[in-house]
1. Please determine, by comparing only the residues of the stretch 68-101 that are of a type in the set (A, V, I, L, M, F, W, C) and surrounded by fewer than 16 Cβ atoms within 10 Å (Cβ to Cβ), which one is nearest to Ser52 (Cα to Cα).
2. Pairs, please: C-beta under 9 Å, at least 6 apart or cross-chain, first residue among the charged types (D, E, K, R) and in the stretch 79-91, second in a loop (DSSP other than H, G, I, E, B)?
3. Would you point out which residue out of Gly144, Gly212, Gly229, Gly181 is farther than 29 Å from Leu35 by Cα and not β-branched (Val, Ile, Thr)?
4. Quick one: which of Phe171, Phe202 is part of a helix (DSSP H, G or I), free of Cβ contacts under 8 Å to residues at least 12 places away in the same chain and aromatic (Phe, Trp, Tyr)?
5. Which members of the stretch 179-197 meet the condition of being assigned to a helix (DSSP H, G or I) and either small (Gly, Ala, Ser) or surrounded by 13 or more Cβ atoms within 10 Å (Cβ to Cβ) (or both)?
6. For the stretch 76-110, give me each residue that is farther than 15 Å from Ala159 by Cβ and assigned to a loop (DSSP other than H, G, I, E, B).
7. Looking at (1) touching a Ser or Thr at 6+ places or on another chain (Cβ under 9 Å); (2) of a type outside the set (Lys, Arg); (3) closer than 28 Å to Leu87 by Cβ, can you tell me which one Leu113 breaks?
8. Can you tell which of Asn170, Asn200 is surrounded by fewer than 19 Cβ atoms within 10 Å (Cβ to Cβ) and touching a Leu at 6+ places or on another chain (Cβ under 7 Å)?
Amino acid sequence: MTGWQTLFYKEVLRFWKVGFQTVAAPVLTAVLYMLIFGHVLQDHVKVYGSVSYTAFLVPGLVMMSVLQNAFANSSSSLIQSKIMGNLVFVLLTPLSHWSWFFAYVGSSIARGLVVGAGVFAATALFGGPSFVAPLWIAVFAVMGAAMLGALGLIAGLWAEKFDQMAAFQNFVIMPMTFLSGVFYSIHSLPSFWQGVSHLNPFFYMIDGFRYGFFGISDVSPWLSLGIVGGALLAVSAVAVHLLRIGYKIRS
């Protein structure tokens with residue numbers, strides 16, 4: 001294997017060795033969300049006409065799990081390596097910043113997709129949606145996981161302590177994820193909050209992903225694709241630059 005492939009394999013093996021924590025736990029969390037929200041709101045929330053709320057909820061929970069776990073993969077790996085002092089063994093290798101980027105983001109995509117597949121398999125039992133446009137599903141899942149993997153790199157490079165990483169996840173990633181239309185259609189919101197939702201790039205990831213299941217979405221999937229693609233390029237450019245200059249990892 002080449003250098004980046006070796007690092008990629010190491011990162012995949014890292015989360016797979018503790019799969020009960022990194023894969024099974026998020027699936028259980030998503031099932032609990034489905035049981036609670038699906039049971040309470042099934043008969044009270046109407047979305048997309050003939051689409052049941054339970055079916056509507058499935059793609060949102062899948063994409064939320066993909067995004068959160070892709071971020072957790074790269075960010076937790078870097079912060080743990082920095083604090084435990086074993087990052088030096090990777091720094092000693094002749095790997096370029098591009099190798100680091102592809103390995104960490106690639107493993108984040110792998111973890112996000114594995115968890116997403118598990119969540120879909122578990123939640124689809126409650127009301128599986130159809131597959132109207134599978135290509136859109138794949139595109140938004142991969143792009144969303146890649147963007148959050150790159151964002152996790154930035155957070156992992158910036159953070160110096162576990163509480164800083166927890167603050168980034170709790171005050172940035174978590175609110176943007178929950179306020180992105182996972183549990184509701186933004187058309188049910190007042191006009192002001194609809195405008196706020198349109199400023200959240202996570203909304204376009206989930207809305208475009210949901211379009212692949214139902215062929216219906218709150219905004220055009222092409223608009224979502226453009227915004228998600230632009231956000232991915234911007235976040236990736238920042239992550240690559242920080243890796244190139246060795247931000248907080250080289251003295």
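The values are calculated or read from the model by the stated rules, or taken from the named source; none is laboratory data. Since the model is a prediction, treat every value here as computed from it, not as a measurement. In this analysis, Cβ positions are derived from the backbone assuming ideal geometry, glycine residues included, and neighbour counts consider all displayed protein chains.
1. Filtering the stretch 68-101 for residues that are of a type in the set (A, V, I, L, M, F, W, C) and surrounded by fewer than 16 Cβ atoms within 10 Å (Cβ to Cβ), the one nearest to Ser52 (Cα to Cα) comes out as Trp98.
2. Filtered contacts from the stretch 79-91: Lys82/Ala159; Lys82/Glu160; Lys82/Lys248; Lys82/Ile249.
3. One residue alone meets the criteria, Gly229.
4. Residue meeting the stated conditions: Phe171.
5. Matches in the stretch 179-197: Ile186, Ser188, Ser191, Gln194, Gly195, Val196, Ser197.
6. Gly85, Asn86, Leu92, Thr93, Pro94, Leu95, Ser96
7. Among (1) touching a Ser or Thr at 6+ places or on another chain (Cβ under 9 Å); (2) of a type outside the set (Lys, Arg); (3) closer than 28 Å to Leu87 by Cβ, the lone unmet condition for Leu113 is (1).
8. Asn200
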